[in-house]
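Please treat every number below as a calculation from the coordinates, not as lab data. Remember, it's a predicted structure, so these values are computed and weren't measured experimentally. Every residue, glycine as well, gets a Cβ built from its backbone with ideal geometry; the counts of neighbours run over all protein chains shown.
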């Protein structure tokens, strides 16, 4: 019997993952045989310069894109080879997303956006889920903003609504793609602290793609990518250490 | 001729290395449909002119009817009115299409403004494109109209016993609808491009969140005008019905009231239609796809209202003729005994009119299909987001179909109600005082008589329209990959 992802203490993992765009000489190998796992209950940052493959890795791990070769799991479910509908339902129930911008459906108010994953599933949140959502709304300071539409919210508030939506279903994994990229430094720090506390206090597994050393310093673990491969895997580091590593990698390249 | 057109084009849209190929913008989504709309309106006008002229020639060559000019004049007036309606609908559709295209170009216009282009020159560019679209559409429509007229003449020669010998398709008046369409398209593009002036250079930077609602504060003046038209119109309609109980002149008063109130409704569509759209949206239930679809129709209330109002006009006009005819019959019958063959010419007239006003509905339908498609194209990122957080391909398809259903159901329902009201007023104000043998009692008030066959045809046609309108947008929408939510533009 095969060892499952949860036996390994992982929330998601990929094995010998490769992804190429185009063919022949013009082809680009975005990922080159990557094998890595995102530990359960941890806040993991995935770093690397532009073109390092970090976004491609995240897209595949989150079930948004298919690899050229290799396998990927979310929890104990192998997602490579799933149909589009199966993959969509899996994302809806077991993955949370926080993007850099344009996270919210502009025609729905804040609470409508938070409840969207449940409504797409054709159900109402259970009593336990309802309590969790109320707690999230409280913690994220959104109670007075629930009936506002996205254009009536500040950038930081929009990002907090996106966090609430991503955490509401208690997914196996939350994927955050440059979640602070569009925010001022104070709102950005708030968002990072909220993510860190979700993983520390509530055991939420989070994977965050970023190229910002300060953002990555909030994570429990930092993975570095370069040219489609994992180049380093560090436990929590200070922003200075991360920046120094990045700089050294740039100079060496 | 070609040289002249090229020169005209060149002066409107200069070809420089900076602007790229002069007519590349014609391939932009929405331009083709605008040309089609202009061509349909122009072809329709040309055909009506030819038919009017043909009937005139037919009457002149008939030794028995000979000098009866009345029928020729009535035909001319009807052609004029019908062409006017078709051109009006086409102009509403085109203005709406251009406004939507502008919304999609905001970023590019902002960039041009940032580099140093003035808002005025940016708008002039759009208006110039409208002029070119109008020219191409009018020329195409002229050619198609002449072709169909020629075919019609051949068929006429086969069916009719006495055909006019010296009839020529080269009627000078066919230039009127063509020129009219070109000019109204130009004007419509100008009106539709108003929003260019509000684009700021700053919008080229920052990824600001899209505004959910259009601001409508500046339109208050226009709304008061619509309201006055509506109130005066309804008062005249009521007056017409009352006068109609005494004499048939009531129909003239009611006609003026009808024109005024309908103009008020059309210009104030963004006041009335959102209410109807909201009501219809509630009927869809509370599922996520239904709510997303319903909210989307209200995202740009002005745009949705104008999208619907073309269909409302078409449906209302067809219904009006059907209900007026049926109610007239009922009034005549309640006024006394009428032989059945008395109704035959009335039936024929109403049927011909219904077919003719249906052309306006077709033009409105083209606009509807086009706007729904552009709506999907401009929402790629939002659709990508929805796919990422769990909307399946099937749910996307259902959502876009519901969006089309939303507009057509609201428009059809409004059109049926309006058409029934106008048709009833027409019949009541014309024949409320009619007396027929043997009793010679005035007919008095009747309830509107709604013939069910035209209603079924209308509902079936709009259902078909909905399906057709949803094909292209759903195909585009289901092609959006979830990764697009993450792509920076």
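General remarks:
- Net length available on complete extension from residue B:183 to residue B:283 is 31.9 nm, with 0.36 nm assigned per residue and the Cα-Cα distance removed.
- Note on chain B: Cα-Cα pairs beyond 45 Å make up 19% of the total pair count.
- Using the rule -39500 (n - 2.57) for each DSSP H run of four or more residues, divided by the residues of chain B, the 222 nm mean residue ellipticity is -26000 deg cm²/dmol.
- Working note: Debye formula, equal point scatterers on the alpha-carbon atoms of the range A:121-173, no solvent; log10 I(q)/I(0) at q = 0.24, 0.27 Å⁻¹ is -0.98, -1.12.
- Largest to smallest principal axis extent of the C-alpha atoms in the range B:313-374, angstrom: 56, 17, 9
- Taking every DSSP helix (H) stretch of at least 4 residues in chain A, weighting each as -39,500 (n - 2.57) and dividing the sum by the residue count yields a mean residue ellipticity at 222 nm of -11500 deg cm²/dmol.
- With respect to chain A, whose longest principal axis is taken over its alpha-carbon atoms, helix A:84-94 is tilted by about 60°.
- With a 10 Å cut-off around each Cβ of B:286-294, the average count of Cβ atoms from other chains is 4.
- The alpha carbons of the range B:27-202 give a radius of gyration and a Dmax of 20.8, 74 Å, in that order.
- Alpha-carbon centroid distance for the pair the range B:294-327 / the range A:171-193, whole angstrom: 46
- Gyration tensor verdict on the protein assembly as shown (Cα atoms; rounded if a/c is under 1.5, prolate if a/b is larger than b/c, oblate otherwise): prolate
- For the residues of A:103-110, the average number of beta carbons from a partner chain within 10 Å of their own beta carbon is 6.
- Cα-Cα pairs of the range A:103-253 separated by more than 27 Å (percent): 29
- Stretching residue B:463 away from residue B:245 to a fully extended chain increases their span by 74.6 nm, per 0.36 nm per residue minus the current alpha-carbon distance.
- Fewest-first ordering of B:150, B:452 by other beta carbons within 10 Å of each residue's beta carbon gives B:452, B:150.
- Separation of the residue A:197 and residue B:71 label points, Cα + 7 Å toward Cβ, nm: 8.7
- Distance from the alpha carbon centroid of the range B:103-180 to that of the range A:89-146 works out to 50 angstrom.
- Note on the range B:220-480: Kirkwood hydrodynamic radius from all Cα pairs is 19.8 Å, rounded to one decimal.
- For chain A, the Kirkwood estimate of hydrodynamic radius, built from reciprocal distances between every pair of different alpha carbons, is 18.7 Å.
- Highest-first arrangement of B:420-428, A:79-87, B:246-254, A:12-20, where packing means the average Cβ count within 10 Å: B:420-428, A:12-20, B:246-254, A:79-87
- Two-site FRET efficiency, residue B:349 against residue A:29, from Cβ-Cβ distance with R₀ of 51 Å, rounded to 0.05: 0.10
- In terms of the mean number of neighbouring beta-carbon atoms within 10 Å, the peptides B:256-265, B:38-47 order highest first as B:38-47, B:256-265.
- Helix axis angle, B:344-377 relative to chain B longest principal axis, alpha carbon, degrees: 0
- Between residue A:234 and residue B:256, the simple label model (points 7 Å from Cα in the Cβ direction) yields a spacing of 8.6 nm.
- Residue ranges A:102-115, B:226-239 sort as A:102-115, B:226-239 when ordered by packing (mean number of other C-beta atoms within 10 Å per residue, highest first).
- Take each residue of peptide A:86-93, count the partner chain Cβ atoms within 10 Å of its Cβ, and average: the result is 4.
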